[in-house]
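Colleague: What follows is a structure written as C-alpha cells; I'll ask about it next.
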Amino acid sequence: MAAISLQGICKRYRDHTAVHHLNLEVQAGEFMVLVGPSGCGKSTTLRMIAGLEDITEGKLVIGGKDVTHAEPHERDIAMVFQSYALYPHMTVQMNMSFGLLRASRLPRAEIEARVHDAAERLRITDLLQRRPNELSGGQRQRVAIGRALVRKPKVFLFDEPLSNLDAKLRTHMRGELERLHHELGITIVYVTHDQVEAMTLGTRIAVMDGGRLQQAGAPMDIYRAPATRFVASFIGSPEMNFLPVPAGDGTGRAWLAQRFDASALQGSAVLGLRPEELALAVDCTTPASSPLVWRGVVQRIERLGAEAYAQVRLQDAERAVLVRTAPDIAIEVGQDALLSADVTRLRMFDGPSGVAVPAHA
C-alpha cells in the first residue's frame, strides 16, 4: 500500500477545465471516496492518477515517487472499471491471470497461487472455469476485482464499480469491498456519484463540484458540518432542508445574532437543518421550546414503516421542508403545522457564496 499526494492538479481540454488545482492527500491504507454529481471531475481525477489522462498542471506522487508523467504500468496501480472489461472468450481463471502472464516474470505456479488466493477471498473459487457470459453481474464484478487483487499493486482505483448492479446487490457488494479493505489494509481511491456508497465505504470522502474540491473529511464530519451549501445538499439522504431566517426582530433573529458571526455574511442568509433535526407539531396553539419556529401546511406524508416523512410548505421557504417523524403520528394532509429546530445542530450559509457561516466560540 502507498500514500497518494495530488498537488495542484489541473486538467484542461482546449476551452474547458475539468479539474481545477486539486490538492488532496490520501494516506496509505485509506479508503478515499471521490463523490459528486456527473461532470464534477471525479472520474477525470481518477484517470489522471491511473495515467490514462495526462496531467496539465501540478504534481502527482504515489508512494513517495513523482509519477506525474509516468506511464500507467510504472505506477504500480490496478483499476476496476464500471464495465468490468472482462475477456468474453476466457475463463474466470484466465481473466484473472492474463495480465500477470503477459506482463510479469512471475513463475506460473506463483500466478496460479495468487489467482486461487484472490478467488477464495472473493468467494468465487467454484466459478474459475466459467466464462463471463455464464456469470451474474455481481459475479463479474468480483472477477474484475480479483483481476486487480492478483497484481498486488500499491493502489487500487475503482471507477463507479457498482453502478450496473441492482440495489440489493449493490448493498451486498459494498459489504464485500469493506471486508476486503479491512482484511488487506489496501489503499483505495473510489469514485461514485452515490452519496450512500460514499458515506458507508469511505474512511474519508472528498466532495467535488465543477472540477473543484468542496470539502474532504470523515463521512460523519462532513454530514454534521458541511463547509458549503452544495456539500450540505449533496451529502445526506434525504437532503438537508434550507429554511429562511425568521422575519422581524423576534427571539429567533436575536438568538441567531448571538450564535453566528454575521460579519462573515456577504448578503442574505439561509439556515440548514436535516429532516431529523426538526420537530413537527400539529397543535399550533402549543408554544415551541426552541427559539426558532416556522409555521406551515402539511402537503404530503410518506410512511416507510419504521419512520415517516412529512412534507411541509412554509410561507417563505424556497421549497417544501421534509421532517422525519414517528410513523404513527396523527397528521393529515392540509393541516397547519409548527416546526421547531434542534438548535444544537443548526447551520447558517451565506446566500451569495453558499459558504457556511462560522458560529461564535
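The values are calculated or read from the model by the stated rules, or taken from the named source; none is laboratory data. Keep in mind that this is a model prediction, so the values were computed, not measured. Because the Cβ atoms are built from the backbone with ideal geometry, glycine has one as well, and the counts that use them run over all protein chains shown.
Colleague: Checking ARG295 against (1) exposed (fewer than 15 other Cβ atoms within 10 Å of the Cβ); (2) not in a strand (DSSP E or B), only one condition comes out false. Which one?
Modeller: Against the list (1) exposed (fewer than 15 other Cβ atoms within 10 Å of the Cβ); (2) not in a strand (DSSP E or B), ARG295 comes up short only on (2).
Colleague: Scan segment 125-143 and tell me whether some residue there is surrounded by fewer than 18 Cβ atoms within 10 Å (Cβ to Cβ), modelled with pLDDT of 90 or more and either within 16 Å of GLY185 (Cα to Cα) or of a type in the set (Asp, Glu) (or both).
Modeller: Taking every residue of segment 125-143 in turn, at least one turns out to be surrounded by fewer than 18 Cβ atoms within 10 Å (Cβ to Cβ), modelled with pLDDT of 90 or more and either within 16 Å of GLY185 (Cα to Cα) or of a type in the set (Asp, Glu) (or both).
Colleague: Which residue is modelled with the highest pLDDT, if the candidates are limited to segment 192-220 and must be assigned to a helix (DSSP H, G or I) and buried (at least 19 other Cβ atoms within 10 Å of the Cβ)?
Modeller: PRO219
Colleague: Return the residues of segment 303-350 that are over 18 Å from GLU277 (Cβ atoms) and touching a Leu at 6+ places or on another chain (Cβ under 8 Å); say none if nothing qualifies.
Modeller: Result: PRO327, ILE331, ASP350.
Colleague: ARG204 is checked against (1) farther than 23 Å from VAL231 by Cβ; (2) in contact with a strand residue (DSSP E or B) (Cβ under 7 Å, 6 or more places away or on another chain) and fails just one. What number does that condition carry?
Modeller: With respect to (1) farther than 23 Å from VAL231 by Cβ; (2) in contact with a strand residue (DSSP E or B) (Cβ under 7 Å, 6 or more places away or on another chain), ARG204 is out only on (1).
Colleague: Same structure, new question: Regarding ILE9, is this residue at pLDDT 95 or above and touching a strand residue (DSSP E or B) at 6+ places or on another chain (Cβ under 9 Å)?
Modeller: yes
Colleague: Working carefully through the options LEU86, LEU106, LEU162, LEU100, find the one that is assigned by TED's automatic domain parsing to the domain that holds THR192, farther than 25 Å from ARG174 by Cα, in contact with a helix residue (DSSP H, G or I) (Cβ under 8 Å, 6 or more places away or on another chain) and not in a helix (DSSP H, G or I).
Modeller: Every option except LEU106 fails the conditions.
Colleague: Tally the residues that are of a type in the set (D, E, K, R), at pLDDT 85 or above and either in contact with a His (Cβ under 9 Å, 6 or more places away or on another chain) or farther than 20 Å from MET348 by Cα (or both), restricting the search to segment 273-307.
Modeller: Looking only at that region, the number is 4.
Colleague: Now a separate question. Pairs please, first residue from segment 101-121 and surrounded by 16 or more Cβ atoms within 10 Å (Cβ to Cβ), second anywhere and among the aromatic types (Phe, Trp, Tyr), Cβ atoms under 9 Å, 6+ apart in sequence or on different chains.
Modeller: Nothing qualifies.
Colleague: Against the condition more than 32 Å from the chain's Cα centre (by Cα), at pLDDT 90 or above and either not assigned by TED's automatic domain parsing to the domain that holds GLY51 or not small (Gly, Ala, Ser) (or both), how does MET79 come out, does it pass?
Modeller: Criteria not met by MET79.
Colleague: Continuing with the same structure: Working carefully through the options ARG151, ARG142, find the one that is of a type in the set (D, E, K, R) and closer than 17 Å to LEU201 by Cβ.
Modeller: Just one listed residue meets the conditions, ARG142.
Colleague: Kindly establish whether VAL92 is surrounded by 14 or more Cβ atoms within 10 Å (Cβ to Cβ), more than 30 Å from GLN214 (Cα to Cα), among the β-branched types (Val, Ile, Thr) and touching a Leu at 6+ places or on another chain (Cβ under 9 Å).
Modeller: So VAL92 fits the description; yes.
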